[in-house]
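Just below is one structure, and these are the notes that go with it.
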Amino acid sequence: MNRGMAWFSVGALALGMCCSANPTCAQTAKDVVGTWTMVSNVTEQDGKKTEPFGTDPKGIMVLDASGHYVVVSMRAALPRFASNSRVTGTAEENAGVVQGSVTHFGTYAVNEADKTLIFKIENSTFANWNGAEQRRPFTLTGDELTYTIPTSSVGGTARVVWKRVK
């Protein structure tokens, strides 16, 4: 074996050992399948950070093996409707729910080359996203998945952290 091939073999072996011991190397569609709960959702715009779903956000993301998904994000305490009917809520009650939650579903894919989660949004409670394709760079470390929303529904860029449900 020549010297160049020997170095290549050593490098490939080292990379393989790194990836087998380091879960951040695992970033395939198969690796993200599962149910996830929201840990945090922080938006940054013009240097200012906000938490649109509060300091204790609630959310669930389900990524199934067939490529379908649903994401539900909300504040821990949404307003209750005095009328006990969601169709007769007051303007304030309706605004509180709309501003404190967002849901979307559709299909997803993973671009393994650039570590991007691609949501093909079929429908959303934020109708401006209906039919859109969103690319969200992500990292997966153990049971924690973090992605970036380049254009958040509240403006700015959001960083969302999820924890795998076991």
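The values are calculated or read from the model by the stated rules, or taken from the named source; none is laboratory data. Computed from a predicted structure; not experimentally measured. FYI the Cβ positions are ideal-geometry reconstructions off the backbone, even for glycines, and counts take in every protein chain you see.
General observations
- Only one entry in Asn111, Asn130 is loosely packed, with under 15 Cβ neighbours inside 10 Å, within 22 Å of Ala29 (Cβ to Cβ) and not β-branched (Val, Ile, Thr), namely Asn111.
- In the stretch 80-104, residue nearest to Phe53 (Cα to Cα) [restricted to those that are among the small types (Gly, Ala, Ser) and in a helix (DSSP H, G or I)]: Gly96
- Val160 meets the conditions (1) surrounded by fewer than 17 Cβ atoms within 10 Å (Cβ to Cβ); (2) within 19 Å of Val62 (Cβ to Cβ) in every case but one. The failed one is (1).
- Only one of the listed residues (Thr151, Thr139, Thr107) is of a type in the set (S, T, N, Q) and either in a loop (DSSP other than H, G, I, E, B) or in contact with a Cys (Cβ under 8 Å, 6 or more places away or on another chain) (or both). That residue is Thr151.
- If the condition is being more than 21 Å from the chain's Cα centre (by Cα) and crowded, with 16+ Cβ neighbours inside 10 Å, then the stretch 80-108 contributes Phe81, Gly89, Glu93, Gly96.
- Which numbered condition Val62 misses (of (1) touching a Ser or Thr at 6+ places or on another chain (Cβ under 9 Å); (2) in contact (Cβ under 8 Å) with a residue 12 or more places away in the chain; (3) crowded, with 16+ Cβ neighbours inside 10 Å): (3)
- Residue within the stretch 83-99 that is farther than 16 Å from Ser40 by Cβ, in contact with a strand residue (DSSP E or B) (Cβ under 9 Å, 6 or more places away or on another chain) and at pLDDT 95 or above present: yes
- Phe119 more than 19 Å from the chain's Cα centre (by Cα) and either under 18 Å from Arg135 (Cβ atoms) or outside any helix (DSSP H, G or I) (or both): no
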